[in-house]
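Below is one structure, written out as structure tokens; comments come after it.
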Amino acid sequence: PHLPDTASRKAFTDLSSREKASCASFLGAKPLVVLTIGQSNIANSALGEYAPRHRIGNYFEGSCSVAANPLLGTSGERAAAVLDFADAALEAGLYDSALIVPLAVQGSSVWNWTRHGDLRPMLESAVRRLDGLGINPNLVLYHQGEADCLVGMEGGLYAKALDNVISDLRRLGVAAPV
């Protein structure tokens, strides 16, 4: 599998310009709680400087802040497409609030997220912390494939690895659609 370099694995963690808030303040009567895993565009590698019209939460290591690009907790220092997505879902009235739990890592492979992958502990830790706060994702956005395509991973092998990731999300108690 492709292994991302150290620089692309570094999560964005600069809290200095972020407004801290209770996680509960982003959980209305009909919240969108979206967990993002995978690589590239679901991480902070999208182009643009999108600023959401709605107040959206960004969960990071047990606490929350008001979301802005780049999102805390995922790699890269540009923009994350999930922020646009959450804002559009709120604008359309599908949800009354939104909390994003970003874990994606640029250049990662599906194998990095599988049961014995090096990113699995991060995923398990986040799910356990959320559970401890009584927060359950109701959507998992999984963006993946470029890194695996670049190394010529066979489709059946990719599907097997992805099935492992989804099965283990279920084992961890995440019932949300992927």
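Rounding to the nearest 10 and keeping the result within 0 to 90°, find how far the Cα-based axis of helix 81-91 lies from the longest principal axis of the chain. Approximately 40 degrees, to the nearest ten. Of the solvent-accessible surface of segment 44-98, computed with a 1.4 Å probe and all protein chains present, 52% belongs to carbon and sulfur.
For a paramagnetic label modelled on ASP84 (point 7 Å from Cα along Cα→Cβ), amide N atoms under 14 Å away belong, within segment 14-52, to 41-52.
Along the axis of the charge dipole computed for segment 26-124 (Cβ charges of +1 for Lys and Arg, -1 for Asp and Glu, origin at the Cα centre), the listed residues PRO70, GLY107, GLY117 are led at the positive end by GLY117. The slack in the chain from VAL178 to LEU133, taken as 0.36 nm per residue of separation less the alpha-carbon distance, amounts to 14.0 nm. Computed over segment 53-178, the P(r) curve from all C-alpha pair distances, binned at 10 Å from the origin, holds 12, 41, 36, 11, 0 percent per bin. Put a plus charge on the Cβ of each Lys and Arg, a minus charge on the Cβ of each Asp and Glu, and nothing anywhere else: the dipole of the chain about its Cα centre is then about 420 debye. A 1.4 Å probe run over the chain, with the rest of the protein chains in place, finds 47 Å² accessible per residue.
Largest first, the residues THR114, THR13 sort by 1.4 Å accessible area into THR13, THR114. Note on the chain: GNM, Cα springs under 10 Å; of GLY107, GLY57, GLY155, the largest mean-square fluctuation is that of GLY155. Charging the Cβ of each Asp and Glu at -1 and of each Lys and Arg at +1, and nothing else, the dipole of segment 44-149 about its Cα centre rounds to 240 debye. Across the protein chains, with a 1.4 Å probe defining accessible surface, the residues CYS149, CYS23 rank CYS149, CYS23 from largest area downward.
Select from segment 44-111 those chymotrypsin sites (Phe, Trp or Tyr not before Pro) which occupy a DSSP coil region and have at most 16 other Cβ atoms within 10 Å, ordered by residue number.
Answer by residue number: TYR50.
Report the calculated FRET efficiency for LEU157 and GLU124 (r = Cβ-Cβ distance, R0 = 41 Å), to the nearest 0.05. Here the calculated transfer efficiency is 0.95. Taking every Cα-Cα distance in segment 35-76 and sorting them into 10 Å bins starting at zero, the pair-distance distribution P(r) comes out as 27, 58, 15 percent.
Could you check what % of the DSSP bridge pairs in segment 3-152 are antiparallel, to the nearest 5? The partial results should precede the final answer.
Values: 8 of 21 bridges.
Percentage antiparallel, nearest 5: 40.
The values are calculated or read from the model by the stated rules, or taken from the named source; none is laboratory data. Nothing here was measured: the structure is a model prediction, and the numbers come from that model. Using ideal geometry, Cβ is built from the backbone for each residue, glycine included, and neighbour counts are taken over all protein chains shown. Just the protein is used for accessible areas: all its heavy atoms, side chains included, with ligands, DNA and RNA removed. Shrake-Rupley method; radii C 1.70, N 1.55, O 1.52, S 1.80 Å.
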